[in-house]
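Colleague: For reference, the structure I am asking about is given below.
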């Protein structure tokens, strides 16, 4: 009788474990922007591909618009394992202690998407992602958002037009120095708080790729937008290293392929989405869009490129020079 009961118990346990084994692996993917931004769409695309390629063995739950964590909180949440995957902007890695990533914040360091992708898909990009490993983080890919432009409630045609204005930025020493180079006042603020801050006059203006400006409705509270395209905003898709390394090898391989496809998709749609957002901003009639002349843009460039030299000791001259070499940028020829 005892043996029979034991066998029944073992059988029930095996059935229970079998059922448990059929449960999908859940990956919580948190981000701070809207679903209809390039990052939001790419995150959803990755979730779809992960389900397809693993045949339902993985379920990626995407939490958009800071519904789980604000951008100041999400990195710690990842390291603690409260979420498994993030796609933070590249400015977020400086406070983590990996200052090399702040090279992406340097104004005018990338002249085009082609220059940018030479870095993000090449040896320099791989070396940067590897620097995250000691922090308990694995870097999977770089995703584009777009090139940033300045907005405010008064016209912006020269750097002097931003003098004295309070401009919202992400937490980044490089971006702080950039704003000071314009003789403006940097205001570090969570992304989710920017609309209200602009609406109430807590800050006067900001810098954003147009898709962020439009999807967060910032164009409704900014009368002027100048297409300076002075800086790049992109993301690194990262995972909790312990969680990722603990996945079965076949599952991880399938997720790697899903990420390759999602990255290709993300970088294809980034420019398309920003162009569409710009057209929508124009159509709204709420914001006057100004395209600077080549001469006007050169004045901005002359004012901001000296930030590169000032940040050498922080970012690392070797990292900056590696980007210069990859893109052919020469700071001495402005």
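The values are calculated or read from the model by the stated rules, or taken from the named source; none is laboratory data. What you see is a predicted model, and the numbers here were worked out from it, not measured in a lab. Counting neighbours? That spans all protein chains shown, and the Cβs are built from the backbone with ideal geometry, glycine included.
Colleague: Does residue 59 qualify as being surrounded by fewer than 17 Cβ atoms within 10 Å (Cβ to Cβ), at pLDDT 95 or above and more than 19 Å from residue 140 (Cα to Cα)?
Modeller: no
Colleague: If you don't mind, there's one more thing I want to ask. State the number of residues belonging to region 198-220 that are surrounded by fewer than 19 Cβ atoms within 10 Å (Cβ to Cβ) and more than 20 Å from the chain's Cα centre (by Cα). Break it down stepwise before answering.
Modeller: If we filter region 198-220 for residues that are surrounded by fewer than 19 Cβ atoms within 10 Å (Cβ to Cβ), which is where we start, we get 199-202, 217, 220.
The next check asks that each one be more than 20 Å from the chain's Cα centre (by Cα); those that pass are 199-202, 220.
Residues that pass the stated criteria total 5.
Colleague: Something else: Quickly run through region 312-323 and pick out the residues that are touching a residue at least 12 places away in the same chain (Cβ under 8 Å) and either in contact with a strand residue (DSSP E or B) (Cβ under 8 Å, 6 or more places away or on another chain) or closer than 22 Å to residue 112 by Cα (or both).
Modeller: 315, 319, 320, 322, 323
Colleague: Restricting region 134-158 to residues that are more than 30 Å from residue 245 (Cα to Cα) and surrounded by fewer than 21 Cβ atoms within 10 Å (Cβ to Cβ), which is nearest to the chain's Cα centre (by Cα)? Quick ask: steps written out before the conclusion?
Modeller: Of region 134-158, the ones more than 30 Å from residue 245 (Cα to Cα) are 146-158.
So of that shortlist, the ones also surrounded by fewer than 21 Cβ atoms within 10 Å (Cβ to Cβ) come out as 153-155, 157-158.
Numbers: 153: 26, 154: 28, 155: 28, 157: 27, 158: 28 Å.
Restricting to residues being more than 30 Å from residue 245 (Cα to Cα) and surrounded by fewer than 21 Cβ atoms within 10 Å (Cβ to Cβ), the top hit is 153.
Colleague: Among the residues of region 74-95 satisfying the criterion of being part of a loop (DSSP other than H, G, I, E, B) and at pLDDT 90 or above, which is surrounded by the fewest Cβ atoms within 10 Å (Cβ to Cβ)?
Modeller: Selected residue: 81.
Colleague: A follow-up question, please. Specify which of the listed residues (157, 163, 148) is closer than 21 Å to residue 227 by Cβ and without any contact (Cβ under 8 Å) to a residue 24 or more places away in the chain.
Modeller: Values: 157 fails: without any contact (Cβ under 8 Å) to a residue 24 or more places away in the chain; 148 fails: without any contact (Cβ under 8 Å) to a residue 24 or more places away in the chain.
Unique residue meeting the criteria: 163.
Colleague: Moving to a separate point now. Output the residues belonging to region 99-116 that are under 22 Å from residue 333 (Cβ atoms), part of a helix (DSSP H, G or I) and within 16 Å of the chain's Cα centre (by Cα). Give the derivation first.
Modeller: Here is the first cut: in region 99-116, the ones under 22 Å from residue 333 (Cβ atoms) are 103-116.
If we keep only those that are part of a helix (DSSP H, G or I) as well, we get 103-105, 113-116.
Passing the criteria: 103, 104, 105, 113, 116.
Colleague: Also: Which of the numbered conditions does residue 66 fail, given that it passes all the others? Conditions: (1) surrounded by 21 or more Cβ atoms within 10 Å (Cβ to Cβ); (2) farther than 30 Å from residue 299 by Cα; (3) at pLDDT below 95.
Modeller: Of (1) surrounded by 21 or more Cβ atoms within 10 Å (Cβ to Cβ); (2) farther than 30 Å from residue 299 by Cα; (3) at pLDDT below 95, only one is false for residue 66: (1).
Colleague: Return yes when residue 34 is surrounded by fewer than 23 Cβ atoms within 10 Å (Cβ to Cβ), within 15 Å of the chain's Cα centre (by Cα) and under 15 Å from residue 233 (Cβ atoms) and no when it is not. Please lay out each step first, then the result.
Modeller: Values: surrounded by fewer than 23 Cβ atoms within 10 Å (Cβ to Cβ): yes; within 15 Å of the chain's Cα centre (by Cα): yes; under 15 Å from residue 233 (Cβ atoms): yes.
Yes: the conditions hold for residue 34.
Colleague: Tell me the helices (runs of 4 or more DSSP H) entirely within region 173-284 that contain at least 3 residues that are free of Cβ contacts under 8 Å to residues at least 40 places away in the same chain.
Modeller: Filter on region 173-284 gives 173-181, 194-200, 249-284.
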